[in-house]
1. Which value in nm describes the separation of the simple spin-label points at Thr75 and Val7, placed 7 Å from the Cα toward the beta carbon?
2. List, in order, the whole-Hz ³J(HN,Hα) value for each residue of region 83-95 obtained from phi through the Karplus relation with A = 6.51, B = -1.76, C = 1.60 and θ = phi - 60°; use x for Gly and Pro.
3. Under the rule of at least 5 residues apart or a separate chain, name every residue whose amide H is placed under 5 Å from the amide H of His37.
4. Hull surface divided by four, with the convex hull built on the Cα atoms of region 21-78: how many nm²?
Amino acid sequence: MENFRKVRSEEAPVGSGDEEGGPGSGPFADLAPGAVHMRVKEGSKIRNLLAFATASMAQPATRAIVFSGCGRATTKTVTCAEILKRRLAGLHQVTRLRYQSVRELWQSLPPEPTPGQKPGEPAASLSVLKNVPSLAILLSKDALDPRQPGYQPPNPHPGPSSQPTAPTSKRSLGEPAAGEGSAKRSQPEPGAAEEDQTA
């Protein structure tokens, strides 16, 4: 594909599946009508997404929010959901993973036409249909069914870290760590060798 450049990429329509359709379609069919849907793209800025999501969830009428992204945007989707869960305590989570079809349109580069192509002919185009992973994360203020797959209850210990860390011993740079002193041969200070020779 070195002689082609990507012109555009779009989600391919699904023929007869239940993924397309009216309100309530997609991975969360029983979603309330007032839920906010955040579509995370590869070039989206996390701070912009979270500013809008935090402002939306601060309103009493908004009870749920869905972050969804596909392909290279899945890691950014997870990041947005995790940061929002830390900012707003008590959110229930349901995660759904599926595959989504993406159609990419590629066009040949003009300086090097394909063999057999006359100089005045339009550039050749190529359409590629790819299946990429897609992730949807529902965060809700209301309790959700804990039996459904992908459910996570609210974090009981809000804060930066819910796991206690092991205590670390403080030592200066010159002191050996525990168990290190007997195994290593002690070396004299750099200036000490000179003092012994002059005496």
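1. 3.1 nm
2. 5, 5, 5, 6, 6, 10, 6, x, 8, 8, 10, 10, 10
3. HN-HN under 5 Å from His37: Val66.
4. So the Cα hull casts an average projection of 4.3 nm².
Every read-out reported here was derived from the displayed coordinates using simple, explicitly stated rules and does not represent laboratory data. Everything numeric in this text was worked out from a predicted model, so none of it was measured. Note: ideal-geometry Cβ built from the backbone for every residue, glycine included; neighbour counts use all protein chains shown.
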